[in-house]
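Structure first, then comments.
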Amino acid sequence: LAVEMDLVGTLTVELFLMPDGRLVVNELAPRVHNSGHWTIEGAATSQFEQHIRAICGLGLGATHALAPTAMVNLLGTGPRRPARLDGVAVALADPALHLHVYDKREVFERRKMGHLTAVGETAGTADAPLAKARAAAAELHWVEDKDEETGR
């Protein structure tokens with residue numbers, strides 16, 4: 001597909017595993033993708049570095065996972081409003097957790113505002129890192145970001 005499109009760089013194929021066991025293609029994206037953000041901490045070479053290597057004609061890096069890794073999206077809640085992330089102490093206190101906030105000034109229901117990646121210590125499943133990421137994400141919430149001068 002990438003050859004036919006004359007594509008150089010990343011082509012993300014996002015798949016959904018359906019309850020009946022079928023894999024369904026949800027999206028083809030000719031770019032790095034949120035579903036691969038776990039590679040920043042969890043893979044030998046991140047999707048971002050691989051993309052740069054490809055478009056610059058450099059050899060691609062190793063693709064193996066460094067450890068079991070899980071990622072949780074941080075989604076907005078409530079109506080559209082200026083907001084900031086609160087409750088980050090838990091995520092920042094654990095060296096196995098990596099908080100990424102996308103610097104979006106307005107939050108609204110289900111808007112992707114960032115992600116939290118958890119990297120496990122030993123080989124095995126990603127269940128433990130996933131539980132850790134979910135627990136830390138539960139501590140995070142969006143609070144109204146008021147202008148300090150006007151209070152609005």
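Are any residues in segment 86-106 in a strand (DSSP E or B) and within 13 Å of Asn73 (Cβ to Cβ), and if so, which ones?
Of everything in segment 86-106, those that are in a strand (DSSP E or B) and within 13 Å of Asn73 (Cβ to Cβ) turn out to be Leu99, His100, Val101.
Might you let me know whether segment 28-38 holds any residue that is assigned to a helix (DSSP H, G or I) and without any contact (Cβ under 8 Å) to a residue 60 or more places away in the chain?
Checked segment 28-38: at least one residue is assigned to a helix (DSSP H, G or I) and without any contact (Cβ under 8 Å) to a residue 60 or more places away in the chain.
When only residues in segment 117-139 that are among the aliphatic types (A, V, I, L, M), touching a strand residue (DSSP E or B) at 6+ places or on another chain (Cβ under 7 Å) and in a helix (DSSP H, G or I) count, which is farthest from Val90 (Cα to Cα)?
Leu130
Looking only at segment 49-67, which residues are surrounded by 13 or more Cβ atoms within 10 Å (Cβ to Cβ) and within 15 Å of Ala126 (Cβ to Cβ)?
Listed by number, the residues that qualify are Ala65, Leu66, Ala67.
Checking the conditions here, which among Glu49, Glu14, Glu27, Glu41 is outside the structural domain of Ala131 (by TED's automatic domain parsing) and touching a helix residue (DSSP H, G or I) at 6+ places or on another chain (Cβ under 8 Å)?
Result: Glu14 is the single residue among Glu49, Glu14, Glu27, Glu41 that is outside the structural domain of Ala131 (by TED's automatic domain parsing) and touching a helix residue (DSSP H, G or I) at 6+ places or on another chain (Cβ under 8 Å).
Each row is one residue, and each column tells you yes or no for (1) in contact with a strand residue (DSSP E or B) (Cβ under 7 Å, 6 or more places away or on another chain); (2) surrounded by fewer than 12 Cβ atoms within 10 Å (Cβ to Cβ).
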site: Pro19; (1), (2): no, yes
site: Trp38; (1), (2): yes, no
site: Gln47; (1), (2): no, no
site: Leu75; (1), (2): yes, no
site: Leu97; (1), (2): yes, no
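Criterion first (part of a loop (DSSP other than H, G, I, E, B), among the small types (Gly, Ala, Ser) and either farther than 16 Å from His141 by Cβ or assigned by TED's automatic domain parsing to the domain that holds Leu140 (or both)) does Gly114 satisfy it?
no
Among the residues of segment 112-124, what is the count of those that are under 14 Å from the mean Cα position of the chain (by Cα) and surrounded by 16 or more Cβ atoms within 10 Å (Cβ to Cβ)?
Qualifying residue count for the region: 7.
The values are calculated or read from the model by the stated rules, or taken from the named source; none is laboratory data. What you see is a predicted model; the values in this text were computed from it and never measured. All Cβ positions, even for glycine, are placed from backbone atoms using ideal geometry, and neighbour counts span all protein chains on display.
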